[in-house]
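The values are calculated or read from the model by the stated rules, or taken from the named source; none is laboratory data. All values reported here derive from a predicted model rather than from experimental measurement. Please note: Cβ atoms are built from the backbone with ideal geometry, for glycine as well, and neighbour counts cover all protein chains shown.
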Amino acid sequence: MATIPLEGTTWRTRWKARWDGLMAKRWMLPVLLVVGFALSFAIPQFNLVNQYVQLILIYIGINVILTTSLNLVNGYMGEFSVGHAGFMSVGAYISAILTTQLLPKALLPYLFPLEVLAGGLVAALVGLVVALPSFKTRGDYLAIVTLAFLMIVKSVFENIEAVGGPRGIPGIDKLTTLPWTFFWTILAIWVIRNFVYSRFGRGVLSIREDEIASDLMSVNTRQVKLQAFVISSFFAGVAGALFAHVLQFISPRVFDIIKSTDILIMVYLGGIGSIAGSIIGGTIYTVLLEILRPLGMWRMVLMPLLLVILMIYRPRGIMGLREFRWFVPLHDLIGTKLWRRKKEASDAPAS
Amino acid sequence: MLLQAEHVTHYFGGLCAVSDFNLNLEHGELVAIIGPNGAGKTTIFNLITGVYHATQGSIRLGDVELVGKTSNEITALGIARTFQNIRLFKELSVIDNVRIAQYGQMKYGTWEAMFHLGGYQTEENRSIENAMNLLEVFKLDSVADESSKNLPYGMQRRLEIARALATHPKVLLLDEPAAGMNPSEIGQLMDFIRWIRKEFDLTIILIEHQMRLVMGICERINVLDFGATIATGVPKEIQNNPRVLEAYLGEGAEV
């Protein structure tokens with residue numbers, strides 16, 4: 001088959017071939033991770049980029065964690081949670097209280113990972129409490145329950161004087177560093193990706209496609225939904241803890257419905273049901289907001305407009321329901337091919 | 001007695017959808033439930049599989065009471081079904097459709113799933129292997145990586161049965177398997193149903209409007225009308241039962 005069809009040489013197919021070639025080199029992923037981790041140390045050490053860009057990099061990491069974790073519930077599972085900023089605020093407050101009031105100052109840099117973990121765990125617990133009643137009902141109810149939750153959390157923090165009431169907590173130590181952000185971002189992506197490519201993850205997908213059929217195919221839908229929601233809240237809490245220690249000031253107003261909307265935009269921009277989409281969505285949105293900063297108020301007109309255009313031309317987002325092959329476990333990627341090859345090999349002597 | 005339904009009654013609000021339904025199913029039997037549209041046939045399937053919980057009565061699989069159990073528990077006990085209007089996981093690949101149905105048989109827990117530890121890898125490999133072997137039996141192995149929504153209608157029907165069998169059922173409920181098929185396809189389907197019954201050691205309950213199929217392969221028939229059982233018996237008896245003719249053709253009809 002030497003003849004190449006004419007349309008085979010358009011720029012589109014050429015790029016696709018090049019892209020597939022890159023994706024076939026799976027060893028590149030761990031190499032990139034090591035390089036990225038090394039860079040995350042080198043950048044602040046040698047000031048490779050200025051402080052402002054370093055800050056943006058940290059925000060990109062935090063937003064990618066938020067986007068990936070919300071995508072688990074809104075994209076993979078097809079529910080609609082708007083309470084992500086609420087779980088984020090739980091993580092932020094827990095860790096901020098630990099930093100400013102409970103832990104000894106001298107040990108703070110060493111205890112920071114435990115603080116983040118604590119923020120995530122408490123957020124996960126709160127997620128469980130929210131999920132238990134709300135998943136007894138179906139569909140749209142979750143949006144309403146999570147919206148109510150968001151309002152409750154906000155007014156709780158506003159009314160507890162010990163955490164500053166509406167004024168919030170100022171003067172949090174800046175403990176979020178680039179390496180820690182990198183570590184937590186990779187951990188979030190890795191764990192959620194692992195979960196998605198397991199029997200529970202397939203259960204999550206089947207709930208999105210058809211919940212009743214899923215239950216009838218032996219998937220314990222209630223358990224799977226709880227797991228997905230708790231994992232999602234855990235990483236929202238982690239992101240909140242990182243966020244509090246880079247902003248150095250939190251108040252209930254930071255975690256309102258606007259913050260939730262931001263995360264939703266990142267999810268639907270990047271693409272539902274896709275890890276790669278979450279990374280792309282979180283990154284593009286963070287960077288765009290910064291690039292468009294000189295426009296001032298017009299930024300808030302342009303960004304939603306971009307979203308409307310995207311929804312018209314790509315309703316599932318940039319990567320909707322597709323995935324980089326790097327992120328798919330090998331057995332899922334080539335399992336069927338291996339099976340066919342094995343079968344051909346065993347059939348050959350017989351015939 | 002494998003599956004036993006006794007005095008099963010179900011109301012939707014004030015409407016009686018199924019009244020006093022009884023069924024005794026021996027291992028290996030092939031029984032049909034027929035009746036005009038809206039007679040409550042699919043409701044019975046929904047009651048057996050736990051989609052609805054019977055208002056009164058009991059349904060037992062062996063010695064286990066099924067009323068009150070959730071669908072996934074009932075499926076794990078060994079009852080699987082297909083749907084009247086195909087309900088595949090459309091956006092997912094053919095093999096994933098089958099692998100989702102293996103959920104109940106896979107043993108690894110949440111932590112192993114989150115960190116890909118322990119039994120994860122071996123069980124995933126075995127899951128792919130089993131799924132492909134099952135798909136091969138149904139001649140679907142060549143399309144394993146396709147989205148299930150892209151399959152032609154006949155293949156989607158086959159995949160739905162394959163998916164149900166992946167849960168390792170003892171009892172299979174088929175809800176109008178011949179819907180939308182032409183006469184020659186129905187002939188193939190009859191052979192196919194006979195074959196899976198033998199091959200997978202199944203007991204089958206079938207809802208169907210195609211009388212050729214019902215009369216051709218079923219050993220016993222249950223006729224429903226307005227939720228009530230109006231006749232039971234072997235195909236020959238049903239064909240000549242005046243109450244059945246009345247339900248289908250109206251009062252005073254002659255054949």
For this session: Would you check if B:E129 is more than 20 Å from the chain's Cα centre (by Cα), more than 17 Å from A:G335 (Cβ to Cβ) and at the interface with another protein chain (Cβ under 8 Å from one of its Cβ atoms)?
Result: no
Problem set entry | Criterion (within 14 Å of chain B (Cβ to nearest Cβ), more than 20 Å from B:S147 (Cβ to Cβ), at pLDDT below 95 and assigned to a helix (DSSP H, G or I)) met by exactly one of A:L289, A:L338 | A:L338
Exercise. In region B:63-144, which helices (runs of 4 or more DSSP H) lie fully inside it and hold 1 or more residues that are in contact with a strand residue (DSSP E or B) (Cβ under 9 Å, 6 or more places away or on another chain) and buried (at least 19 other Cβ atoms within 10 Å of the Cβ)?
Worked result: B:71-77, B:94-100
Exercise. Is at least one residue of region A:244-264 of a type outside the set (A, V, I, L, M) and either within 14 Å of chain B (Cβ to nearest Cβ) or under 30 Å from B:Y108 (Cα atoms) (or both)?
Worked result: no
For this session: Look through region B:78-98, keep the residues that are within 26 Å of B:H209 (Cβ to Cβ) and touching a Pro at 6+ places or on another chain (Cβ under 7 Å), and return whichever of them is nearest to the other protein chains (Cβ to nearest Cβ).
Result: B:A80
Problem set entry | Looking only at region B:99-125, and only at residues there that are within 15 Å of A:V224 (Cα to Cα) and of a type in the set (F, W, Y), the one that is nearest to the other protein chains (Cβ to nearest Cβ) | B:Y103
Seminar exercise, completed: Within region A:202-220, restricting to residues that are more than 7 Å from every other protein chain (Cβ to nearest Cβ) and among the β-branched types (V, I, T), the one that is surrounded by the most Cβ atoms within 10 Å (Cβ to Cβ) is A:V204
Problem set entry | Index of the failed condition, B:A54 passing every other in (1) facing chain A (nearest Cβ under 9 Å); (2) of a type outside the set (V, I, T); (3) crowded, with 22+ Cβ neighbours inside 10 Å; (4) over 21 Å from B:G154 (Cβ atoms) | (1)
Exercise. For A:L178, which of the numbered conditions (1) more than 9 Å from chain B (Cβ to nearest Cβ); (2) more than 18 Å from A:V64 (Cα to Cα) fails to hold?
Worked result: (2)
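Determine whether B:I74 is closer than 30 Å to B:R212 by Cα, of a type in the set (V, I, T) and more than 8 Å from chain A (Cβ to nearest Cβ).
Working: closer than 30 Å to B:R212 by Cα: no; of a type in the set (V, I, T): yes; more than 8 Å from chain A (Cβ to nearest Cβ): yes.
Judged against the criteria, B:I74 is not a match.
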For this session: Identify, by number, the condition in (1) of a type in the set (S, T, Y); (2) within 14 Å of chain B (Cβ to nearest Cβ); (3) surrounded by fewer than 18 Cβ atoms within 10 Å (Cβ to Cβ) that A:S155 doesn't meet.
Result: (2)
Exercise. Within region B:138-150, can one find any residue that is at the interface with chain A (Cβ under 8 Å from one of its Cβ atoms), of a type outside the set (K, R) and closer than 23 Å to B:W195 by Cα?
Worked result: yes
